[in-house]
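Where a number appears in this text, it was derived from the coordinates with a stated rule and is not lab data. The shown structure was predicted, so the numbers you read here are calculated from the model rather than taken from an experiment. Positions of Cβ are backbone-derived with ideal geometry, glycine not excepted, and every protein chain shown enters the neighbour counts.
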């Protein structure tokens, strides 16, 4: 027990991920990466396409293995953490099952854990209350809007009450208004549950608005180039107009432009964001 | 109930108008029955011989049903094997594609010789082979074309391969299976019917159509054809009903 | 630079994949041959529910020998020659029916796409007609055909066979073509509108090219349907010269020379495979400029 309290939520030490190692199409997705995510911390991973941010998230989740180095999650190896369900994950597509109702989708992780029928139904309803979708428990996923589907996916990722949430551009496919509402929703949930969160995104304002630290990555080879602390305190809609918010956005943008690995093409693309 | 009715009445009206026009054209132009018998002649032939048509229908429908059921079981089993073992997949896929291009019905005389020609067996076998292809292809597709995010989700939830099969692959394959059924069910009727053209017992619809046509009893031939059409439609409607029951979640975009 | 090389690599990859699946197909055929002989061996040891004797199930090599024997005693043509000529004749009839079916199917699809009234009115029946055994009409259609003549042209039973092949071919094609013609997105259609394109231009520049990915699979189904239609029509009508008729004729001689019917059945299979190969060639020609990763 004591180890899980003292050890960080995520700890990456010298992590490398090389695809097709030794072959002509070898790609270094992650190069000698070190990162620590503290308990209750919200960390955003940002960078251009191909910088390895999704790969990093997948190494944390044990969906793919590090070629070299160690990845610890809650003081366990990534594989143990997955086996013991120490994290919940949300993807860019909500990845809900059309053949299950909304409630039964949220129940899925509990079902796999062997939780009894009435217990898991009660827990799913509790979570649907939290994401304000209790009225839709009996609906099919495709009857819901994109934002609602993503809320169901978040409820599902919280089902086994894991200490860590891994989120891979969960709001990437949503329109700007829905996206901002979802960001507030996520912050509220975070406040209520005290989860540690690792959040992959393409959006600079999103990264700044949500997180305590923004990890800036650059491609070819994928690596961390900058880590920017964001101290905005409690967020609300006014935060988006706050001077300090714009300063942090500028800081992240400059950190992204400072990436020399990708050359001028990358720099100008980031400049347009 | 009212909704069902609204779905059913337009085709019924169109069919009624079609039949009325057909009748009118045949009567007004005095078209001879060997060219095109009037619907009234077809229906009187049908009712004059209602038990005969019924028996022939039952015979052919039974052949089709047996072939369809066994073909579904075999097609599904081999698809399950093919999704599990790459060698089975590599062997079965080009053979199945070949089967789809080939007039399998021409195998009937061989099967007639190998198995008892006086029995139903060769016809059921031909039906099985014909039904196999759409079932195999669609079920294989359904078992393997899974959203990558679904597989990642199941891995992140630490689900075993068996759980992935039960909770993801099989539900994912069900709509594909029913698509295969929608192709296979009418095919089974066609196969059972045409297999009768190659000799053997004469009590089925195919044999009766051929012999009535040969005896210039055109009204009767068309009556048997009508029965064959009804059987084909019933098989298809049965699959549609099954689809409603088994995969209610596909109601949104059935055409897609 | 990599842009100029990519298509070449893609083509050779396609060829390699094609050869590999051909290899697997041959392995599959070999497996069938081995199982055939195995069933014969097992049948000679224990009683099976089927006749595994040399008459009902000749050895594979007996079939090959049978192909080389004269068709009837003393004739110059071998069974193989007779089967090959019947195969080609049936292929020709089937492809004729296929071409007519494609032409009518395309025309119908264009009409249904252009006028909503025809789509509402015809499509349910086109779909329903795929669920009913229209082939049951074959004996009747030949009966009709034998009694009509158009001007000086006496109706030939071969035309009846081609007619049956074409009507079986056109249904799947018209449905696939309609789906393809309706495939362009609203954005594409609005783009054409913004250019003030005429309906004809939209059809030629947008709808036809967009329908190709739908057309090709529909053509495969149609070609197979035309082949089945041809063979069944030949069988149920007794039209001479085609492979369907030959299968029936040789089946009657099975007691005397069991191998013959097998050679004819292989001929029927060859008609199907050749038709599929022709459609595949057509596919290559139509889709050579399209990305090949649809299914991935």
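When DSSP beta bridges are limited to those with both residues in the protein assembly as shown, what percentage is antiparallel, rounded to the nearest 5?
On the way: 23 of 41 bridges.
Around 55 percent antiparallel, to the nearest 5.
For chain B, what D do you get in µm² per second when you plug the Kirkwood radius from alpha-carbon pairs into Stokes-Einstein at 37 °C and 0.692 mPa s?
On the way: Rh = 20.8 Å.
Value of D from the Cα-based Kirkwood radius: 158 µm²/s.
Axis angle, to the nearest 10 degrees, between helix B:86-101 and the longest C-alpha principal axis of chain B: 20 degrees.
Can you give the helix-only mean residue ellipticity at 222 nm for chain A, where every DSSP H stretch with n ≥ 4 adds -39500 (n - 2.57) and the sum goes over all residues, rounded to the nearest 500 deg cm²/dmol? The partial results should precede the final answer.
Working: 10 runs with 106 residues, N = 273.
Using -39500 (n - 2.57) per qualifying helix, the result is -11500 deg cm²/dmol.
When chain B is treated as a GNM with alpha-carbon contacts under 10 Å, the residue of B:71, B:52, B:24 showing the greatest mean-square fluctuation is B:24. Across every direction, the projection of the convex hull enclosing the Cα atoms of region C:16-109 has a mean area of 11.0 nm². Expressed in units of 2.2 N^0.38 Å, where N is the residue count, the Cα radius of gyration of region A:58-216 is 1.03.
For region A:1-143, what percent of Cα pairs sit more than 27 Å apart? Could the numbers behind the result be given before it?
Working: 3886 of 10153 pairs.
Within region A:1-143, distances greater than 27 Å cover 38 percent of Cα pairs.
Sorting C:266, C:125, B:198 from the fewest to the most surrounding beta carbons within 10 angstrom yields C:125, C:266, B:198. Principal axis analysis of the Cα atoms in region A:33-108 yields extents of 41, 31, 26 Å, listed in decreasing size.
Quick one: of the DSSP bridges fully inside chain A, what percent are antiparallel, nearest 5? Before the final figure, lay out each step's value.
Numbers: 20 of 38 bridges.
Once the DSSP bridges in chain A are tallied, antiparallel ones form about 55 percent.
Taking only the C-alpha atoms of region C:54-123, Rg followed by Dmax gives 22.5, 64 Å. The angle between the Cα long axis of helix B:39-48 and the main principal axis of chain B comes to about 90°, on a 0 to 90 degree scale. Region A:68-114 and region A:160-204 have Cα centres separated by 16 Å.
If you take all C-alpha pairs in chain C, what percent of them are over 25 Å apart? Don't jump to the answer; show the numbers that get you there.
On the way: 27061 of 43660 pairs.
Of all Cα-Cα pairs in chain C, 62 percent lie more than 25 Å apart.
Chain A has equivalent-ellipsoid semi-axes of 30, 23, 18 Å, by the square roots of 5 times the alpha carbon gyration tensor eigenvalues, sorted largest first.
Note on chain C: with a GNM built from Cα contacts shorter than 10 Å, the maximum mean-square fluctuation among C:281, C:225, C:109 falls on C:281.
Under the √(5λ) rule applied to the eigenvalues of the Cα gyration tensor, what semi-axes describe the equivalent ellipsoid of region B:51-119? Give them in Å, descending. All intermediate terms of the calculation are to be shown ahead of the outcome.
Details: eigenvalues 183, 50, 23 Å².
Sorted largest first and rounded, they come to 30, 16, 11 Å.
In terms of its C-alpha gyration tensor, region B:1-128 has a prolate overall shape, because the principal axis ratio a/c (a ≥ b ≥ c, square roots of the eigenvalues) is not below 1.5 and a/b outweighs b/c. Compared with the dominant Cα axis of chain C, that is its longest principal axis, helix C:157-181 is turned about 40°.
From helices alone, chain C scores -25500 deg cm²/dmol at 222 nm; the rule is -39500 (n - 2.57) for each run of n ≥ 4 DSSP H residues, then divide by the residue total. With N as its number of residues, the protein assembly as shown has a Cα radius of gyration that, divided by 2.2 N^0.38 Å, comes to 1.16.
Its residue count N sets the reference 2.2 N^0.38 Å, and the alpha-carbon radius of gyration of region B:103-179 equals 1.66 times that reference.
Taking C:183, C:224, C:25 as the candidate residues, the one with maximal mean-square fluctuation in a Gaussian network model of chain C, Cα springs under 10 Å, is C:25.
Give me C:73, A:120 sorted ascending by neighbouring Cβ count inside 10 Å, so fewest comes first. Can you show the working numbers first?
Numbers: C:73 6, A:120 21.
Fewest to most other Cβ atoms nearby, the residues stand as C:73, A:120.
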